[in-house]
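Peer 1: Mind looking over this structure? Questions follow.
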Amino acid sequence: MIEIGAQVDLSHPAERVWRALTDRELLGRWFAEAEMVEGVPDRMLLHTAGLPGFEADVEVEVTERQEPDLLVLACDEAGRLSELTCAVTTTKQGCRLELREVSTHGAWSAEQHEPREQQLRQALTVRLPAILDWLAFQQVDLRRADGGMTTELPLIGVRGGAGRKPRRRRTVVAVVAGAVLLAGTAAWVTLPPDSKPAAAPAPTATASPTVTADPTTVAPTATASARPSRTTASATARPSRTPSVKPSRTPASAAPPPPSAPSITARYETESDRLFGYTGEIVVGNPGSAPVADWAVVVTLAEGTTVDDVDGANWRQDGRVVTFTGAAVAAGGSRTISFDVRDSRPKAREPESCTIGGQQCAGL
């Protein structure tokens, strides 16, 4: 018996999650397009052919229903039979949804098992929360001037964006509720012209050979006078054989060596934006020639945001500070951390800072 499972904590009531599980149109938005089987109310055909881990469309039939806590489906994928259980448990923040699929006849191949489980996990943690956020927003009456709010703002969502766009592109969902656009007049700030550069100091005159009337005569010390000296050298004077001043051979101070490359690096990227949250990704890299075992990425979140559903690392959160740690990163290798952030505001806010080993993460 082979089992595939995934779960996610959602900041939505169980009734809203139940609707996303049983409504044909909503199911098609976060998992797979669904088609009702004519004449059988509790049977649907899910168009899963072509999805990772699926080889054909899946015909499902409801065998147990306990609204809004439990839904059990019998699945038939081209003769391969399985049972899919959807359990919804109420929590303080909303509810927890757990999906577990167990094969009852036939089995998934090794190449099919992992992609199928990843597809299920992605649907739960990315696309489903986006649909729930959208449903929550539909229940908010924004026409306050017509008689006030008729419904309270529902609990906010956890994660994901419906139809995720390719990586390194961001989708920002702007939520405007009776907003007033403020227009400002831009003013050019003119900087004062740079002052003239100070004249460079005059070069120091080189010493000329000293001429004396007698070898034993000591040359007088030069003094600053108003007029030049009129002393005339003796007719027998001869140039001094004192060698001219040679340039100093003291080497210039050596320039400090360039800073060594960090042994571990990190790059942050917002993988997807959505209402009330976003998905962040951090790639930890090791450009050195030896494995790095002790590393930690420290992320400071914006006020009112929390982390949930982390993949690729161990983590702990202390207030707004989240610390990610994990196994050693091989020389020349990397490790990817994906984490989901819930935001109390409609327009998600990126982390305030990200560091690894005291160095700022790239991309933020």
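The values are calculated or read from the model by the stated rules, or taken from the named source; none is laboratory data. Since the model is a prediction, treat every value here as computed from it, not as a measurement. Here the Cβ positions follow ideal geometry from the backbone for every residue, glycine too, while neighbour counts run over all protein chains shown. Note: accessible area is taken over every heavy atom of the protein model, side chains too, but ligands, DNA and RNA are not part of it. Shrake-Rupley method; radii C 1.70, N 1.55, O 1.52, S 1.80 Å.
Peer 1: For the stretch 81-105, give me each residue that is open to solvent by less than 50 Å² (accessible area, probe 1.4 Å) and either assigned to a strand (DSSP E or B) or without any contact (Cβ under 8 Å) to a residue 60 or more places away in the chain (or both).
Peer 2: SER82, LEU84, THR85, CYS86, ALA87, VAL88, CYS95, LEU97, LEU99, GLU101, VAL102, SER103
Peer 1: Still on this model: For the stretch 13-35, indicate whether the set of residues that are in contact (Cβ under 8 Å) with a residue 40 or more places away in the chain and small (Gly, Ala, Ser) is non-empty.
Peer 2: yes
Peer 1: Of the residues in the stretch 106-119, how many are buried (at least 16 other Cβ atoms within 10 Å of the Cβ) and acidic (Asp, Glu)?
Peer 2: 1
Peer 1: For the stretch 61-69, state whether one or more residues are modelled with pLDDT under 90 and among the aliphatic types (A, V, I, L, M).
Peer 2: No, the stretch 61-69 contains no residue that is modelled with pLDDT under 90 and among the aliphatic types (A, V, I, L, M).
Peer 1: If you go through the stretch 276-290 one residue at a time, how many are open to solvent by 20 Å² or more (accessible area, probe 1.4 Å) and either assigned to a strand (DSSP E or B) or basic (Lys, Arg) (or both)?
Peer 2: So the answer is 1.
Peer 1: In addition: Which of the residues spanning the stretch 303-337 are basic (Lys, Arg), surrounded by 14 or more Cβ atoms within 10 Å (Cβ to Cβ) and part of a strand (DSSP E or B)?
Peer 2: Across the stretch 303-337, the qualifying residue is only ARG335.
Peer 1: For the structure I just gave you, tell me whether LEU10 is in contact with a strand residue (DSSP E or B) (Cβ under 6 Å, 6 or more places away or on another chain) and under 27 Å from SER109 (Cβ atoms).
Peer 2: no
Peer 1: Let me ask something else. Filtering the stretch 124-143 down to residues that are of a type in the set (A, V, I, L, M, F, W, C) and crowded, with 20+ Cβ neighbours inside 10 Å, which residue is farthest from VAL8 (Cα to Cα)?
Peer 2: Among them, the one singled out is ALA136.
Peer 1: Right, next: Suppose we filter GLY363, GLY326, GLY304 for residues that are farther than 26 Å from PHE276 by Cβ and either in contact with a Pro (Cβ under 9 Å, 6 or more places away or on another chain) or touching a residue at least 12 places away in the same chain (Cβ under 8 Å) (or both); which single one remains?
Peer 2: After ruling out the rest, the residue left standing is GLY326.
Peer 1: Looking at the stretch 1-57, what strands (runs of 3 or more DSSP E) fall wholly within it and have at least 2 residues that are among the hydrophobic types (A, V, I, L, M, F, W, C) and either out of contact with any helix residue (DSSP H, G or I) (no Cβ under 9 Å at 6 or more places or on another chain) or surrounded by 14 or more Cβ atoms within 10 Å (Cβ to Cβ) (or both)?
Peer 2: 3-10, 43-46
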